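Taking it in order: structure first as structure tokens, then the write-up.
The values are calculated or read from the model by the stated rules, or taken from the named source; none is laboratory data. From a predicted model like this one, the values you see are computed outputs, not experimental measurements. Positions of Cβ are backbone-derived with ideal geometry, glycine not excepted, and every protein chain shown enters the neighbour counts.
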Amino acid sequence: MSDTAYDTTPRSILVLGAGELGQPVLRNLARRARETKETTISVLLRASAVSSDDPDKQRAIAEIRELGIEIVVGDLVKSSIDELASLFARYHTVIGCAGYAAGIDTPMKLAKAALQARIPRYFPWQFGVDFDVIGRGSPQDIFDAQLDVRELLQAQTQTEWVIISTGMFMSYLFEPEFGVVDLKNFEVNALGSLETAATLTTPEDIGKLTTEIVFADRGSATRSCSWRAHRDLGRGC
């Protein structure tokens with residue numbers, strides 16, 4: 001691994017996506033970048049999102065520009081691994097915030113592109129539940145696909161990778177198809193049983209946590225690590 005992987009200040013950061021998680025991550029990164037004055041923030045968005053007439057998307061784009069974040073137009077799904085690797089190679093740190101909407105095969109494609117680009121540090125889309133704890137063979141195929149990504153990253157040493165597990169997004173509880181909080185019928189349903197416990201985190205707090213980890217002074221940090229929401233930020237990664 002090159003010495004650049006141990007830089008305590010990421011000189012250039014690319015965030016993939018600006019949705020429910022991407023926007024809070026960008027917001028917090030931009031604030032910290034203004035303090036350091038040594039880091040540039042960019043975000044990769046589809047052309048259709050940048051030019052959309054949807055009021056919500058227009059507000060999001062306006063905020064991104066007000067924060068001084070560079071918008072890079074691209075498509076994670078349509079682009080090849082080679083094309084993504086060429087793009088990623090321009091940055092020190094790449095943070096995946098595209099979510100599951102990008103498709104079950106996209107997380108692996110992004111990880112392969114990050115390794116091919118030989119970027120110093122990569123944060124894959126692994127926010128949410130800890131897939132190592134769940135293990136393989138769950139009803140969710142995407143969970144096994146995410147474990148494949150972890151194994152790929154663990155098997156190499158050239159790129160430092162960071163996984164942040166924060167539990168379920170708080171918003172999931174209120175999604176009708178998730179079936180936990182039924183606002184229409186004023187009902188709350190247990191996840192499996194009344195004894196089942198779950199860790200929940202808001203995207204805003206995940207954005208703050210991610211930023212603290214990105215800019216943490218890691219000193220003689222290890223080349224790979226995994227964070228869980230209950231870990232002390234001061235311990236470093």
Inset, instruction - Take the residues in the stretch 137-155 that are surrounded by fewer than 10 Cβ atoms within 10 Å (Cβ to Cβ) and part of a loop (DSSP other than H, G, I, E, B), then tell me which one is modelled with the highest pLDDT. - result: Ala155
Inset, instruction - Determine whether Ser51 is among the small types (Gly, Ala, Ser) and buried (at least 17 other Cβ atoms within 10 Å of the Cβ). - result: no
Inset, instruction - Looking only at the stretch 200-222, decide whether some residue is outside any strand (DSSP E or B), surrounded by fewer than 11 Cβ atoms within 10 Å (Cβ to Cβ), hydrophobic (A, V, I, L, M, F, W, C) and modelled with pLDDT of 75 or more. - result: no
Legend entry - Count of residues meeting criterion [part of a helix (DSSP H, G or I), closer than 17 Å to Val15 by Cα and among the charged types (D, E, K, R)] in the stretch 26-51: 4
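At least 1 residues that are charged (D, E, K, R) in each: list the strands (runs of 3 or more DSSP E) lying fully within the stretch 52-128 that qualify. Don't jump to the end; show me each part of the working.
Values: elements: 70-73, 93-96, 121-123.
Per the criteria, 70-73, 121-123.
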